[in-house]
Amino acid sequence: MKFSLRIWRQPSADAEGRMVTYVLDDISEDASFLEMLDVLNEQLIAEGEDPVAFDHDCREGICGACSLVIDGQPHGPQAATTTCQLHMRKFKDGDLIDIEPWRAGAFPVVRDLVVDRTAFDRIIQAGGYISAPTGTAPEAHSVPVPKQDADAAFTAAACIGCGACVAACPNGSGMLFMAAKVAHLGLMPQGQPERHTRVLGMVAEHDASGFGGCTNAGECSAACPKEIGLDVIGQLNRDFRKAAVRAA
Amino acid sequence: MNQASEFFTVGEAVADAKAPAGPIAERWEQRRFSGRLVNPSNRRKLRVIVVGTGLAGASAAATLGELGYRVSNYCFQDSPRRAHSIAAQGGINAAKNYRNDGDSVHRLFYDTVKGGDFRSRESNVHRLAEVSTEIIDQCVAQGVPFAREYGGLLDNRSFGGAQVSRTFYARGQTGQQLLLGAYQALERQVGAGAVELHTRHEMLELVVVEGKARGIVVRDMVTGDISTEMADAVVLATGGYGNVFFLSTNAKGCNVTASWRAHRQGAYFANPCYTQIHPTCIPQSGEHQSKLTLMSESLRNDGRVWVPKERGDDREPADIPEADRDYYLERRYPAFGNLVPRDIASRAAKAVCDEGRGVGPGGLGVYLDFADAIGRLGEPAVKAKYGNLFDMYERITGENPYERPMRIYPAVHYTMGGLWVDYDLSSNIPGLFVTGEANFSDHGANRLGASALMQGLSDGYFVLPNTISDYLADGPFEPVPDTHEEVVAARKAVDERIAFFLGNDGDRTVDSFHRELGKIMWEYCGMERSEEGLTKAIGLVRDLKDEFWKRVKVTGKAEELNQQLEKAGRVADFFELAELMCIDALHRTESCGGHFRAESQTDDGEAKRDDENFSYVAAWEYATEAPVLHREALEFEYVKPTQRSYK
Amino acid sequence: MQPRKAAPPKPQSRLRSSIGLKIVMAVSGILLVGFIIAHMAGNLHVFEGREEMNAYAHGLRTFGEPLLPHESLLWVMRIGLIAAVAAHIWSAIVLTHRAIHARPVRYASKKPAKGESRHAVATMRWGAVVIVLFVIWHLLDLTWRTVNPVKDVPDAYGAVVATFDPSRWPVTVFYLLALVALGFHLRHGVWSAVQTIAGPNTAWRGRTQAIALGLAVIVVAGFAIVPLAVTFGLVS
Ligand SMILES: Cc1cc2nc3c(=O)[nH]c(=O)nc-3n(C[C@H](O)[C@H](O)[C@H](O)COP(=O)(O)OP(=O)(O)OC[C@H]3O[C@@H](n4cnc5c(N)ncnc54)[C@H](O)[C@@H]3O)c2cc1C
Ligand code: HEM
Ligand code: SF4
Ligand code: FES
């Protein structure tokens, strides 16, 4: 297959960036999107040019490293699929494909398609945990968890922290990521004691990091490769309201 | 006895000086009692470097932080949560005996020693089995959403052919959920100021001063700054080296650099040739292939493995009648059928493909057929059990496994070898500790399913925090100035290597070398090894290594995010490791676990172990000329070695 | 070592937090929805003729007299409305400002809207500007009569008929346009407010969306029918 690619090139965080066009031939339809970029990079190195930098690691849709906006869509056109699991057979021969980094003030570009997502780690530091120092745990079966709660908690906990939700949101909001963690921990009995401090701390950090507010556009959930539902944002709102009132 | 001796020399035997004697069930308690403690108010004065944020690293860093040590934690990803442990699917073992099916600490110990084909230490394995139950308690307290039953209690399943149900799981994402638990505990300590976290930092050298590990040289992967970080102890939790094969189920970033640099500074590398090949991976589709994807082993519970009886039968699978199919696992191993252990299933697949009966691109694949299961249970039931795996398969191959049998092929998955450690997880360099997949671990020659997660967390949460205090009790050690000759030398080595790569007037990309190295290793040091093949491989690896240093081309600068430069350093270390792996494989003329030696098989083609000559750990010391072999004899007091049989 | 607990944010910052603002937006929006529905119902009195309509308008002003002072109900409503509008616009401005800063560099390629409310979201902010302009005109026109031919305040009926006179068709067109903007605003706004306050689960989300759409249609139709009736001479 043959493709024209328009790729965001930016040598460093404070350098100017621009879209650059490359033409690529002889790509197998069985190649993944990142393997297609590997081929491009081999070609660029051969020509003595700097290869395109992009984040990736597991290449099986679980680490959350890969993060490309493809034709305006975070992780590309296929639903519930990370960039690394997207394959070229989803495109047409001869397509022109735009490739950009996540765009958000809280995720500054590091180089080319690589962005800095440490803001997500800071949100977790601000309360996205259960305080259970090693060695203090009671016997695992001492606290039963209703199956439907455990299942719902798992569904929320499946978030891979990729940031596609932020990239897709018209407000650049990190609400879906944060809500997924609040929902996961809030659904477990072990998460109850810190339920209120957790949500207040995380929301404060979210806002301080420069993410926008949520206006329920729902673009996040539509872009999420793990199909995290908007319900978690509903729960976040409820928890926040209760916590804010209680703290008042 | 060793034809390979031209490639190495033999040194003194090593022994694990820390392993306590006495009844096996009391050894861990004894060691915790005999080990010295550090006064809580002194812990603040002790700095520990932890490299790695996978299960083994994040759990150790969080726990040491909770205890009050000053911890610096490093990873090369942009977030600790992305360490490769995130990808583990199946589950984690623990001897809880929640099913009342006869499980116990002793049985888990027994199964693990036997599963490792009698090439692991009894004391270590027993401790692992003991601690396994605490891991589950700890993870549940952190809010890990394990699968549960309707009564609200934890669900268990049987995994990898185990006869008891002792595997805890969180759908097909157990590693993810366990790692997120450890990651959250770690971030809590970061928020508390107890742990300093350095993401996108790669360790490039170990600093050893006066015989003690005292620090590391790291590169800030964004700015390119090289710095030396000093501490009272260094912990490596840097994962496995399966990527020496280029294609493996490991994440692209997995590498051996941290371990290899430590090895070059004097740390022994144990059993490097022990590699686990996983039978159910999605086959390679072409030259562009960059990694292989594992499909959970649980698929073999319902899928039937077959190939056409005739070579070159290229009919569509649906058009091949029953009579023309060979269900070779069921035929060869009637007792276990499709559920034989990983190493056996993998080799059997290779055998039929070598006969020219493989299917799919390049004839490198066998069918895993669900037609019977769908007929028996109905499509909805199959979907409920394996839906997400089927979806994943379809995304990658574009084929619908409900209609067409899956194609699978074995792939490198886990490395049992690693840096040699004693019972305290200390390497032979005082102050250098190694945890998780990076050490040569508790799995012997073959790892059972669901036991790597167990080992990573056991090391990080429970073992290391208890054993490291015995070493740190002598600290804080004399501060080492940046101008110390060892520090200067370590930095210089790093600077020079980077300068070499960027200055080399080469014409071949790093990836092209890596791919070629991987092919050599897969061909000669993969599922089946022979003296002839390994000897040839050593030559090929050496030649390719020479060519690499002459022709490698790295673009860009040092002071920027430069992914080619990162790769070049890693591949350079893979070359040296590859040679040692081949030498280790060559010297071990027996077949055991993941290491199948063509010359050592029974009449019907099964692996033949040689306990008389090889019941030892091969701990290799680095030397510029030829590596030095130190043997650590293995003794079996509680589980008597027997030949494995799955007929 | 025990971790430092993140200090719970102060009440002031809780209100100004992204979720606090969202709740302010939702609550004030719901109040405005209530007003809009009452207002729409009131407007329909125009079909009962001049006497009835003016009597209704008079009734609003003299509600509770002589126990309560003149126009008390109206003043309570006005103060409530002003507060709701102020809160709504304040939170809208702060959130919009943050959204702009949250994406300093825009995407080069356009993305197909895939979210819950598709294009309605895109119309929220621009639509709001149209609504603001409209409200100002509306006050000048029918409340203060500054731009209305009928200056006699008690004659509400006359004012309505006069303003939508066929000769003043641009006024009617603007009115209808503003209504469409309002309709889009409500379609997303009502479901969004419910999501913010009640956080419905997946099953209810579809239903709230349907209700929001229905409400938007009713409001637009209910308001639009008056000027259309005047323009086409059904009311004169
Ligand atoms: C696909 C797959 C499925 C698996 N499924 C299972 C399963 O079901 N059950 C089971 O028990 N096991 C399973 N395993 C094995 C298990 O996941 C791993 O053995 C285990 O997670 C390794 O953990 P670790 O902490 O030792 O290393 P890793 O998780 O690999 O972490 C290594 C860390 O070291 C860091 N690092 C490495 N080098 C450097 C350097 N030079 N400088 C700085 N940082 C560095 C990395 O950034 C990373 O943080 C699976 C493995 C794979 C590949
Ligand atoms: C006066 C002019 C108005 C302005 C400037 C305005 C502005 C806004 C803005 C910017 C939003 C945020 C939604 C988003 O960006 O996606 C919003 C939401 C909303 N508006 Fe308005 N609006 C106005 C009038 C109205 C009116 C008249 C009503 C009621 C009939 C109303 C009801 C709502 C509701 C219910 C919401 C949803 C709240 C939420 O997001 O939870 N608005 N408005
Ligand atoms: S919520 Fe979805 S899109 Fe957002 S970070 Fe998590 S997985 Fe990625
Ligand atoms: S590379 Fe790990 S999710 Fe894509």
Q. Assuming B:Tyr423 fulfils every condition listed in (1) more than 16 Å from B:Val125 (Cβ to Cβ); (2) in contact (Cβ under 8 Å) with a residue 12 or more places away in the chain apart from one, which condition is it?
A. (1)
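Residue by residue, here is whether (1) over 17 Å from A:Gly163 (Cβ atoms); (2) within 16 Å of ligand 4 (Cβ to nearest atom); (3) hydrophobic (A, V, I, L, M, F, W, C) holds:
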{"position": "A:Leu24", "(1), (2), (3)": "yes, no, yes"}
{"position": "A:Arg59", "(1), (2), (3)": "yes, yes, no"}
{"position": "A:Ile70", "(1), (2), (3)": "no, yes, yes"}
{"position": "A:Phe91", "(1), (2), (3)": "yes, no, yes"}
{"position": "A:Gly94", "(1), (2), (3)": "yes, no, no"}
Q) When the stretch B:227-276 is examined, which residues are found to be within 13 Å of ligand 1 (Cβ to nearest atom) and aliphatic (A, V, I, L, M)? A) B:Val234, B:Val235, B:Leu236, B:Ala237, B:Leu247, B:Ala251, B:Val256, B:Ala258, B:Ala262
(Q) Please determine whether any residue of the stretch B:134-147 is more than 16 Å from ligand 2 (Cβ to nearest atom), assigned to a loop (DSSP other than H, G, I, E, B) and touching a strand residue (DSSP E or B) at 6+ places or on another chain (Cβ under 8 Å). (A) yes
Q.
Based on this model, can you work out whether A:Val199 counts as away from ligand 1 (no atom under 16 Å from the Cβ) and either more than 7 Å from every other protein chain (Cβ to nearest Cβ) or assigned to a helix (DSSP H, G or I) (or both)?
A. yes
Q: Could you grab me the full set of residues in the stretch B:317-335 that are part of a loop (DSSP other than H, G, I, E, B), touching a residue at least 12 places away in the same chain (Cβ under 8 Å), closer than 17 Å to B:Ala371 by Cβ and not aliphatic (A, V, I, L, M)?
A: B:Tyr327
Q | Of the criteria (1) surrounded by fewer than 17 Cβ atoms within 10 Å (Cβ to Cβ); (2) of a type in the set (Ser, Thr, Tyr); (3) modelled with pLDDT of 90 or more, which one C:Thr143 fails | A | (3)
Q.
Please list, ordered by residue number, the helices (runs of 4 or more DSSP H) wholly in the stretch B:422-517 having 2 or more residues that are surrounded by fewer than 22 Cβ atoms within 10 Å (Cβ to Cβ).
A. B:464-472, B:485-503
Q: Return the only residue of A:Cys162, A:Cys214, A:Cys220, A:Cys169 being closer than 29 Å to A:Val114 by Cα, crowded, with 24+ Cβ neighbours inside 10 Å and within 16 Å of ligand 4 (Cβ to nearest atom).
A: A:Cys162
Q | Given (1) at pLDDT below 95; (2) within 30 Å of B:Val554 (Cβ to Cβ); (3) of a type in the set (D, E, K, R); (4) crowded, with 18+ Cβ neighbours inside 10 Å, number of the condition B:Glu566 does not satisfy | A | (1)
Q: May I ask you to say which residue of C:Leu21, C:Leu32 is touching a residue at least 24 places away in the same chain (Cβ under 8 Å), within 12 Å of chain A (Cβ to nearest Cβ) and buried (at least 17 other Cβ atoms within 10 Å of the Cβ)?
A: C:Leu21
**Q.** Every residue from the stretch A:28-52 that is of a type in the set (S, T, N, Q) and either part of a helix (DSSP H, G or I) or within 22 Å of the chain's Cα centre (by Cα) (or both)
**A.** A:Ser32, A:Asn41, A:Gln43
Q: Identify all residues within the stretch A:1-27 that are assigned to a strand (DSSP E or B) and not aliphatic (A, V, I, L, M); write none if there are none.
A: A:Phe3, A:Ser4, A:Arg6, A:Trp8, A:Arg9, A:Arg18, A:Thr21, A:Tyr22
Q: Look at the stretch C:164-195 and say how many of its residues are surrounded by 18 or more Cβ atoms within 10 Å (Cβ to Cβ) and farther than 17 Å from C:Ala229 by Cα.
A: 16
Q) Here is a list of conditions, (1) at pLDDT 95 or above; (2) in contact with a Pro (Cβ under 8 Å, 6 or more places away or on another chain), and B:Ala87 meets all of them except one; can you say which number that is? A) (2)
**Q.** B:Gly193 being at pLDDT 95 or above, out of contact with any Ser or Thr (no Cβ under 7 Å at 6 or more places or on another chain) and part of a loop (DSSP other than H, G, I, E, B)
**A.** yes
Q) Out of the residues in the stretch C:208-219 that are within 14 Å of chain A (Cβ to nearest Cβ) and more than 14 Å from the chain's Cα centre (by Cα), which is surrounded by the fewest Cβ atoms within 10 Å (Cβ to Cβ)? A) C:Thr208
Q. Got a number for residues in the stretch A:171-188 being of a type outside the set (Gly, Ala, Ser), farther than 18 Å from B:Thr174 by Cα and facing another protein chain (nearest Cβ under 9 Å)?
A. 3
Q) Restricting attention to the stretch A:58-70, and to residues there that are closer than 20 Å to A:Gln10 by Cα and part of a loop (DSSP other than H, G, I, E, B), which single residue is nearest to the other protein chains (Cβ to nearest Cβ)? A) A:Ala65
Q: Among the residues of the stretch A:206-232, write down those that are within 19 Å of C:Leu15 (Cβ to Cβ), outside any loop (DSSP other than H, G, I, E, B) and either within 7 Å of chain C (Cβ to nearest Cβ) or in contact with a Gly (Cβ under 6 Å, 6 or more places away or on another chain) (or both).
A: A:His206, A:Asp207, A:Gly212
Q. Of the residues in the stretch B:195-214, how many are away from every other protein chain (no Cβ under 14 Å) and under 24 Å from the mean Cα position of the chain (by Cα)?
A. 5
Q) Within the stretch B:395-407, can one find any residue that is touching an Asp or Glu at 6+ places or on another chain (Cβ under 9 Å), in a strand (DSSP E or B) and touching a residue at least 60 places away in the same chain (Cβ under 8 Å)? A) yes
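To keep it simple, each residue is scored yes or no on (1) in a loop (DSSP other than H, G, I, E, B); (2) in the same structural domain as B:Met527 (by TED's automatic domain parsing); (3) touching a residue at least 60 places away in the same chain (Cβ under 8 Å); (4) closer than 20 Å to B:Asn446 by Cβ.
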residue	(1), (2), (3), (4)
B:Ala572	no, yes, yes, no
B:Glu576	no, yes, yes, no
B:Ile583	no, yes, yes, no
B:Glu599	yes, yes, yes, yes
B:Thr624	yes, no, no, no
B:Phe636	yes, no, yes, yes
B:Gln643	yes, no, no, yes
**Q.** Pairs, first within 10 Å of chain C (Cβ to nearest Cβ) in the stretch A:71-97, second within 16 Å of ligand 2 (Cβ to nearest atom) and not acidic (Asp, Glu), C-beta under 7 Å, six or more apart
**A.** A:Pro74/A:Ala168
Q. Considering B:Val488, B:Val421, which residue is out of contact with any Ser or Thr (no Cβ under 7 Å at 6 or more places or on another chain) and hydrophobic (A, V, I, L, M, F, W, C)?
A. B:Val488
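The values are calculated or read from the model by the stated rules, or taken from the named source; none is laboratory data. Here the structure is a predicted model, which means the values were calculated and not measured. We place every Cβ from the backbone using ideal geometry, glycine too, and count neighbours over all the protein chains shown.
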